[in-house]
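*Asks:* Here it is: the structure, laid out below.
The values are calculated or read from the model by the stated rules, or taken from the named source; none is laboratory data. Since we're looking at a predicted model, the values are computed, not measured. Glycine gets a Cβ as well: all are built from the backbone with ideal geometry, and neighbour counts include every protein chain shown. The area values use the complete protein model at the heavy-atom level, side chains included, leaving out ligands, DNA and RNA. Shrake-Rupley method; radii C 1.70, N 1.55, O 1.52, S 1.80 Å.
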Amino acid sequence: MQSEVLEWSAGFTAFCGRFAHRFSRVESRRRMVAYVRGLLAEVERKNGWTLAEAAGDTGPQGMQRLLNFYAWDCAGLRDDVRQVVVETIGDDKTGVLIVDETGFLKKGTRSAGVARQYSGTAGRIENSQIGVFLAYASDRGRALIDRELYLPKTWTADRERCRDAGIDDDVEFATKPELAQDMIERAFDAGVPFGWVTGDEAYGQVGKLRLWLESKGVSHVLAVPKSQMVVSMQFRQRRAHTVIADLDASAWQRLSRGDGAQGPRVYDWAAVDIRPLREPGRGHWLLARRSLTDPEEIAYYICYGPAETPLAELVRVAGSRWAIEECFQTAKNETGLDHYQVRGYTAWYRHITLSMAAAAFLTILRRDAQKGDLQPVTVI
């Protein structure tokens with residue numbers, strides 16, 4: 001056990017060393033290492049005070065300076081985290097990019113982007129901030145690789161309020177799907193190895209996002225509501241649920257979309273061709289997932305990809321969307337993603353990015369444990 005601890009410690013030092021060039025001063029680099037180490041520590045709440053205590057400080061001032069005042073390249077650190085994830089679990093055959101959002105419940109009105117808005121975390125409208133995230137998943141693991149803070153129009157329409165929260169005048173309103181598109185484009189430009197993009201209805205029902213993905217040649221399986229209009233092979237505009245309702249019983253196949261906490265997630269699945277006008281070698285499908293216990297419970301997906309894509313592959317991609325929920329759970333429970341006590345725009349990005357870095361280190365440890373290889377030099 002002692003040798004493993006020493007190896008993990010050496011691996012952590014090498015891991016943090018990858019980010020050193022993003023910090024111009026020794027003090028800020030040291031603070032970053034202490035902050036990430038604290039996020040990985042077994043403390044109940046990971047805020048400025050507890051992280052300071054874990055580092056042996058008498059107060060949170062040093063950690064607050066890291067988030068609010070020191071000069072360092074947060075966007076560059078985000079890129080480094082993404083590269084670490086790709087090196088650890090990247091796979092061009094099974095890699096999937098997943099977009100989703102999560103809420104951070106907040107009190108008051110001064111925290112950047114805070115508003116009365118729907119939070120999936122709470123399952124209702126609450127005073128909260130909403131972060132839009134991009135995760136990477138493959139057969140080798142999963143991890144968060146990008147993030148954006150959603151700013152409601154009530155914020156971007158009030159530039160004085162924005163300035164008070166540290167939001168520059170050039171930061172304009174962007175919808176959540178637009179933020180997702182920006183992150184996917186960054187991953188695409190960085191050469192992240194992936195074959196598919198997936199996301200829930202909030203993103204799938206936005207035709208602009210789907211058309212942009214098509215223009216880039218990016219295959220996708222995106223959830224849509226039952227009322228989503230699609231073009232049938234008879235050149236008719238129809239709602240998704242009516243197209244699926246016309247399918248014969250023989251069109252459905254019983255498949256697992258992956259293992260869950262209670263075992264394999266088994267559903268009945270069916271896919272039907274849509275969009276008769278298409279590029280050579282490419283296909284468009286409407287995919288449906290039907291519950292075994294309640295046949296009236298059906299989820300729908302619009303899909304685009306290589307023409308010969310089998311149903312099992314569409315199911316695999318649709319099922320991979322839940323990996324980002326597991327990423328949120330891991331980051332919130334183990335690396336303090338939602339434990340911050342900051343109000344400023346820049347501080348939010350810095351904490352979230354450092355939490356993602358800590359979660360990426362856990363991804364490395366888990367990958368090594370699976371391989372039975374705890375030699376950090378070969379990983380980093």
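*Asks:* Which of the peptides 138-148, 158-168 is most tightly packed, and how do the rest follow, judged by the mean count of other Cβ atoms within 10 Å per residue?
*Replies:* The most tightly packed comes first, giving 138-148, 158-168.
*Asks:* Further, regarding this structure: Multiply the residue gap between Ile125 and Gln234 by 0.36 nm, knock off their C-alpha separation, and tell me the result in nm, one decimal place. Please list the in-between numbers first.
*Replies:* Numbers: separation 109, 0.36 × 109 = 39.24 nm, distance 4.13 nm.
Here the segment from Ile125 to Gln234 would lengthen by 35.1 nm.
*Asks:* Under a Cβ-Cβ cut-off of 11 Å, what is the net charge of the residues other than Leu151 that fall near it, where Lys and Arg count +1 and Asp and Glu count -1?
*Replies:* On the way: positive: Lys153, Arg161, Lys176; negative: Glu148, Asp158, Glu172.
Residues near Leu151 contribute 0 overall.
*Asks:* Turning to a different aspect of this structure: Tell me, what % of the accessible area of the range 269-371 is carbon and sulfur with a 1.4 angstrom probe?
*Replies:* Numbers: 1960 of 4010 Å².
Answer for the range 269-371 is 49 percent, counting heavy atoms of protein chains only.
*Asks:* Based on the mean of other Cβ atoms within 10 Å per residue, sort peptides 208-215, 326-333 so the most packed one is first. Show your work: numbers first, answer last.
*Replies:* Numbers: 208-215: 15.9, 326-333: 17.6.
Descending mean neighbour count gives 326-333, 208-215.
*Asks:* While we're looking at this one, here's another question. Need one word for the range 39-91: rounded, prolate or oblate. Basis is the Cα gyration tensor (sqrt eigenvalues a ≥ b ≥ c); a/c below 1.5 gives rounded, then a/b vs b/c decides.
*Replies:* Cα axes put the range 39-91 in the oblate bin.
*Asks:* Starting at the first residue of the range 235-243, write each ³J(HN,Hα) from the Karplus equation 6.51 cos²θ - 1.76 cosθ + 1.60 with θ = phi - 60°, in whole Hz, x for Gly and Pro.
*Replies:* My calculation for the range 235-243 gives 6, 10, 7, 9, 7, 4, 5, 6, 5 Hz in order.
*Asks:* Given the convex hull over the Cα atoms of the chain, what projected area results after averaging over all orientations, in nm²?
*Replies:* Working: hull surface 82.8 nm².
With the hull built on Cα positions only, its mean projection is 20.7 nm².
*Asks:* Moving to a separate point now. Roughly what would the spin-label model give for Trp212 and Glu178, points 7 Å off Cα along C-beta, in nm?
*Replies:* Once both label points are built, they end up 0.9 nm from each other.
*Asks:* I've got another one for you. Could you work out the helix-only [θ] at 222 nm for the chain, with each DSSP H run of four or more residues adding -39,500 (n - 2.57) and the total divided by the number of residues, to the nearest 500 deg cm²/dmol?
*Replies:* On the way: 15 runs with 159 residues, N = 380.
Here the helix-only value at 222 nm equals -12500 deg cm²/dmol.
*Asks:* With a Förster radius of 51 Å, plug the Cβ-Cβ distance of Gln341 and Ala10 into 1/(1 + (r/R0)^6) and report the FRET value to the nearest 0.05. Please report the intermediate quantities before stating the final value.
*Replies:* On the way: r = 32 Å, r/R0 = 0.62.
Between Gln341 and Ala10 the formula returns 0.95.
*Asks:* Given a 1.4 angstrom probe, what's the average accessible area per residue across the range 265-337, in square angstrom?
*Replies:* Numbers: 3050 Å² over 73 residues.
With all protein chains present, the range 265-337 gives 42 Å² per residue.
*Asks:* Then there's this: Roll a 1.4 angstrom probe over the protein heavy atoms and tell me the percent of accessible area of the range 66-122 that is carbon or sulfur.
*Replies:* Working: 1180 of 2390 Å².
Within the range 66-122, the accessible surface is 50 percent carbon and sulfur.
*Asks:* Tell me, what % of the accessible area of the range 10-52 is carbon and sulfur with a 1.4 angstrom probe?
*Replies:* Working: 1110 of 2220 Å².
The C+S portion of the solvent-accessible surface of the range 10-52 is 50 percent.
*Asks:* Taking square-rooted eigenvalues a ≥ b ≥ c of the alpha carbon gyration tensor, is the range 169-322 rounded, prolate or oblate, where a/c under 1.5 means rounded and, failing that, a/b exceeding b/c means prolate? Intermediate results must be reported in sequence, preceding the final value.
*Replies:* Working: a/c = 1.65, a/b = 1.37, b/c = 1.21.
Cα axes put the range 169-322 in the prolate bin.
*Asks:* Now, a different point. Could you state the accessible area per residue of the range 35-154 in Å², with a 1.4 Å probe and every protein chain left in place?
*Replies:* Values: 5190 Å² over 120 residues.
With all protein chains present, the range 35-154 gives 43 Å² per residue.
*Asks:* What net charge do the residues around Thr330 carry, taking every other residue with its C-beta under 11 Å from that of Thr330, with Lys and Arg at +1 and Asp and Glu at -1?
*Replies:* Working: positive: Arg142, Lys332, Arg366; negative: Glu325, Glu326, Glu334.
Value of the local net charge: 0.
*Asks:* Eigenvalues of the Cα gyration tensor times 5, then square-rooted: what semi-axes does that give for the range 31-146, in whole angstrom, largest first? Before the final figure, lay out the partial values.
*Replies:* Numbers: eigenvalues 143, 106, 36 Å².
Semi-axis lengths for the range 31-146 are 27, 23, 13 Å.
*Asks:* Would you mind checking Lys93/Lys371; Lys216/Lys371; Lys106/Lys216; Lys107/Lys208; Lys107/Lys176; Lys176/Lys216 for any pair whose Cα atoms are more than 28 angstrom apart? Before the final figure, lay out the partial values.
*Replies:* Working: Lys93/Lys371 20 Å; Lys216/Lys371 35 Å; Lys106/Lys216 37 Å; Lys107/Lys208 34 Å; Lys107/Lys176 22 Å; Lys176/Lys216 19 Å.
Check vs 28 Å cut-off fails for Lys216/Lys371; Lys106/Lys216; Lys107/Lys208.
*Asks:* Taking 0.36 nm per residue of sequence separation and subtracting the Cα-Cα distance, how much length would be gained by fully extending the chain between Glu42 and Arg25, in nm to one decimal?
*Replies:* Numbers: separation 17, 0.36 × 17 = 6.12 nm, distance 2.83 nm.
So the extension gain works out to 3.3 nm.
*Asks:* Taking a ≥ b ≥ c as the square roots of the Cα gyration tensor eigenvalues, with a/c under 1.5 meaning rounded and otherwise prolate when a/b beats b/c, else oblate, which class fits the range 99-170?
*Replies:* Numbers: a/c = 3.10, a/b = 1.65, b/c = 1.88.
It comes out oblate by the Cα gyration axes.
*Asks:* Here is a follow-up. Excluding residues on the same chain fewer than 8 positions from Lys226, give the aspartates and glutamates whose Cα lies under 15 Å from its Cα.
*Replies:* Asp200, Glu201, Asp246, Glu296, Glu297
*Asks:* Additional query: With the crude spin-label approximation of a point 7 Å out along Cα→Cβ, what separation in nm comes out for Glu308 versus Asp246?
*Replies:* That separation, rounded to one decimal, is 2.9 nm.
*Asks:* Expressed as a whole number of Å, what is the distance separating the alpha-carbon centroids of the range 178-242 and the range 46-61?
*Replies:* Value for the Cα centre distance between the two parts: 43 Å.
*Asks:* May I pose another question? How much net charge surrounds Tyr70 when only other residues with a Cβ under 10 Å from its Cβ are counted (Lys, Arg +1; Asp, Glu -1)? Walk me through the numbers on the way to the answer.
*Replies:* Values: positive: Arg25, Arg29, Arg31, Arg65, Arg350; negative: Glu27.
Surrounding charge for Tyr70 is +4.
*Asks:* By per-residue mean of other Cβ atoms within 10 Å, what is the highest-first order of 40-51, 17-28?
*Replies:* 40-51, 17-28
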